[in-house]
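**Student:** Please find one structure pasted underneath; my questions will follow.
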Amino acid sequence: MALYVGLRGAHLRIFELVSLQRANKLISRFMTRPYTSFAANTGVSQATATARPIASSPKLFLPIGWSGNGHARGPQGLQLGPARECSMFYGHSEASPGKGIGKVKLTDAEGAVEVEWSAGGVSKYPYVWLRDNCQCPMCYESEYGNRLILTSELDTEIVPARAETRGTESALHVTWPDGHQSRYDWQWLRDRCFSSQARADRERRWKNMKQLWGADILANLPKFEFPALLTDDRALYDFMYTLDTVGLALVQNMSRDVGQVQMQHFIQQTEGEGGTSHLADGFHAACQLREENPEAFRLLNTFKVTYLHRRRKDRSHFRNRCRIISTDDEGEVKRVEYLTMFRESAMDLPLDQIRPFYRAMKAFNAILYRQENLVQLKMKPGEMFALDNRRVLHGRSAFSATGGTRHLQGGFLDWDEVYSRMRVLQAELGILE
């Protein structure tokens, strides 16, 4: 038996030539929990009653990276490009030349810290960007790579009290007006340089080459053995790489033995304060932003951000690069993807656009949290909500561990499946469009 797998958009689509149940083992090898269940009996770090950020899960992409030395060769004669080391912090980051930081100084006229490199050259890092990407435990959760600073709390006009290097350590140390201390390793900074060349390099690495094909692919169809995909990590990588570049793969010797519609089923709910679900219509908020602040809308509709979600214990690493607000050719809002805590620190924007972009995010964030835009639901056990994950942003308020367990299960459906079922029912029930 054979299982054909195609990559449509960034969603893995499994076409059922054999029972999907027989493919579950394979799915679990390259998808992180298609159906998740999690229990929460603790609140947020401070266990306060303040709201956590509203969040819309980014569309998750298969992790594509390089490892090893020399040239890697793909399955069925596919020639892969030169291999390079893959940084777990930033998908395709390469070590930049240079051995460390020489001098640093504040440049208030540009609102940036100027870093002079020991190997030559200068990079500038905006103040607001540095504060947003502080790596200390209070501001950043290293296990999952989550930002803990709320956009609403960020001062876009912030100016450091001091920037310096200390002793022989090659790192930038910044002291903020409230006394907060931030430290940035030199290589971390180099990998996030705002120069046009660095941004162009990152853009190039995002553009994975696609292999176009027609009926002639049958003569050299990429093929994989199902048992190998379950046990051999390189075979699994080659399989995923083929899906990304070719878009089609054949899996043989199957045993006979991430979504656009999100559902959350509440099994248990905390009885104390907090734990309330927050929901907002991202399309409505985007339209309000366009009417009230056209420049902010333009920025969020022009420049892309990267979302990064890693779980070291699960050996998973997801990335998506997109605009916060996406529109079609006629200017209609079609997607809203806004998840502050997973927003990657590397920003591929011109230096002079960083502060305006942060102001735009804050403006959009403020609209989302307006009382007239925010639906607040304290879900009961046995209830479930379903939402369009490309449109509706969702989060919750903090709750205390003393209020009991909050346990819910989440699942996703692809819109193609939903629309297909709707069309069938329309025909069977005689429903007119």
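**Student:** Out of (1) under 28 Å from Trp415 (Cα atoms); (2) open to solvent by 50 Å² or more (accessible area, probe 1.4 Å), the odd one out for Gln264 is which?
**Tutor:** (2)
**Student:** Under 7 Å between Cβ atoms, which residue pairs at least 6 apart in sequence (or on different chains) link something in the range 328-345 that is modelled with pLDDT of 90 or more with a partner that is open to solvent by 10 Å² or more (accessible area, probe 1.4 Å) and part of a helix (DSSP H, G or I)?
**Tutor:** Cβ pairs passing all conditions: Val333/Phe283; Val333/Cys287; Val336/Phe283.
**Student:** For the range 172-186, name all the residues that are surrounded by 18 or more Cβ atoms within 10 Å (Cβ to Cβ) and either in contact with an Asp or Glu (Cβ under 7 Å, 6 or more places away or on another chain) or within 15 Å of Lys124 (Cα to Cα) (or both).
**Tutor:** Selection gives Leu172, Val174, Tyr184, Trp186.
**Student:** I would also like to ask the following. Quick one: what pairs do we get from the range 102-116, first residue in a strand (DSSP E or B), second at pLDDT 95 or above and small (Gly, Ala, Ser), C-beta under 6 Å, 6+ apart or different chains?
**Tutor:** Note: pairs meeting the criteria are Val104/Ala163; Leu106/Ala163; Val113/Ala163; Val115/Ser123.
**Student:** Right, here's the next one. How about the range 127-164: which of its residues are at pLDDT below 95, surrounded by 13 or more Cβ atoms within 10 Å (Cβ to Cβ) and hydroxyl-bearing (Ser, Thr, Tyr)?
**Tutor:** Tyr140, Tyr144, Thr151, Ser152 - these are the residues of the range 127-164 that are at pLDDT below 95, surrounded by 13 or more Cβ atoms within 10 Å (Cβ to Cβ) and hydroxyl-bearing (Ser, Thr, Tyr).
**Student:** Hey, another quick one. Where in the range 134-233 are there helices (runs of 4 or more DSSP H), lying fully within it, with 2 or more residues that are in contact with a helix residue (DSSP H, G or I) (Cβ under 8 Å, 6 or more places away or on another chain) and farther than 22 Å from Thr107 by Cβ?
**Tutor:** Passing ranges, in order: 226-231.
**Student:** Something else now. Being farther than 30 Å from Leu351 by Cβ and either open to solvent by less than 10 Å² (accessible area, probe 1.4 Å) or assigned by the TED database to the domain that holds Asn146 (or both) narrows it down to one residue among Leu229, Leu299, Leu250; which is it?
**Tutor:** Leu229
**Student:** May I pose another question? For Glu295, which of the numbered conditions (1) more than 27 Å from Glu114 (Cα to Cα); (2) out of contact with any Phe, Trp or Tyr (no Cβ under 9 Å at 6 or more places or on another chain); (3) at pLDDT below 90 fails to hold?
**Tutor:** Failing condition for Glu295: (3).
The values are calculated or read from the model by the stated rules, or taken from the named source; none is laboratory data. What you see is a predicted model, and the numbers here were worked out from it, not measured in a lab. Heads up, the Cβs are rebuilt from the backbone with ideal geometry, glycines too, and the neighbour counts pull from every protein chain shown. Areas reflect the complete protein model, heavy atoms only, side chains present, ligands, DNA and RNA absent. Shrake-Rupley method; radii C 1.70, N 1.55, O 1.52, S 1.80 Å.
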